[in-house]
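What follows is one structure encoded as structure tokens, with my remarks underneath.
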Amino acid sequence: MISSKKVAVALSGGVDSAVAAALLLEQGWEVLGVHLRLSAAGPAPEHLKNLTGRLGIPLLELDLKEDFTREVVDYFVAEYRRGRTPSPCVRCNAAIKFGVLWKRLQARGLRYLATGHYARLQRTPQGDWGLYRGADRHKDQSYFLARLPRALLPQLLFPLGEMFKSQVRARYRDLGLPLEPGSRESMDLCFISQGGYRAFLRDQLGDRHDPPGELVDTQGRVLGRHRGLTCYTVGQRRGLGTPSSEPYYVVEIRPETNRVVLGRRQDLLSSGLLALGVNWLMDPPPGEWEADAVIRYRHPGVRARLLPLDQGRVQVSFAVPQAAVAPGQAVAFYQGGRLLGGGWIEERIK
């Protein structure tokens, strides 16, 4: 019989997830540490065993490399080939950590899953569960959770939601837990170890799939040559090789013509966007309504009008024009500190 107080904690091998596990133990939970092997990168098995040994919890390692490659890495590469800017962490959370992993845990009879995300779960005045920003706004990771299944919220635990990063580090030191040799703050792209994402894409695609082409302005006039579409993202200013008294920015990437469109700062501004595949973590109103739209991680958010369309699409109109709206990125919607849901940016509205 599975205890109703048994919880699986996704252990990365780092500080945050280890402290999350320790906090749950203090609260009386029966904790199972689960580590996902997603790529060749990652903590050494010896470190994980030392960590769980010091915590006094069992360790389950799951090899999800094939799932991760199919759902995240292949998606990441395909989006760049389309001239888009992917959101691999948003994709991974929905498809892997709270998707494949959750199904594996259910098959083992577990009812709860915890992670070291800086986010909060709270009961709303209506009595259902709401997902909210973490107390530490500098570490808040709720944006990355915008596409979680709403039905899963009652089974989730985020022990660090009310804590600040400084408090988590202090707790880790107080617990005397072992640090992984060479450990550092976790990076967003966990599957890219050396050389950065551009080198990774070159290795994946090869030069023939990412040939040089023309840099043009918004009128189509040729300004120079680009090094391959994967070297550029919307909003980029540096590394364009186009000296000018007024800086150029990447405004658009056009894979169909192998062109990168450059413009001035004002050309980056958008009045809104079209979002596809919107996932809701609450009951959305049937008509047009207002919320705060966050168009990338660490974006402060902007008040916007949301107009639901058919097939999970939402038209978003900003109260104030926003710069560097990048197709492929996730957009998340908030009301106060509550995360309402999110979707994929399909196109910007000029």
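The table below lists the values:
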| quantity | calculated |
| --- | --- |
| Count - residues of region 247-270 that are part of a loop (DSSP other than H, G, I, E, B) and more than 19 Å from Arg225 (Cα to Cα) | 0 |
| Residue ID - modelled with the lowest pLDDT, chosen from residues in region 18-47 that are surrounded by 16 or more Cβ atoms within 10 Å (Cβ to Cβ) and under 20 Å from Phe68 (Cα atoms) | Gly42 |
| Residue count, region 152-175 (criterion: surrounded by fewer than 17 Cβ atoms within 10 Å (Cβ to Cβ) and touching a Lys or Arg at 6+ places or on another chain (Cβ under 6 Å)) | 1 |
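Conditions tested, residue by residue: (1) in the same structural domain as Gly161 (by TED's automatic domain parsing); (2) within 26 Å of Gly127 (Cα to Cα); (3) crowded, with 22+ Cβ neighbours inside 10 Å.
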position: Leu273; (1), (2), (3): no, no, yes
position: Arg298; (1), (2), (3): no, no, no
position: Pro308; (1), (2), (3): no, yes, no
position: Ser317; (1), (2), (3): no, no, no
position: Ala332; (1), (2), (3): no, yes, yes
position: Gln335; (1), (2), (3): no, yes, no
position: Gly343; (1), (2), (3): no, yes, yes
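The values are calculated or read from the model by the stated rules, or taken from the named source; none is laboratory data. On a predicted model such as this, the values are computed, not experimentally measured, just so you know. Cβ sites come from the backbone with ideal geometry, for glycine too, and all protein chains shown count toward neighbours.
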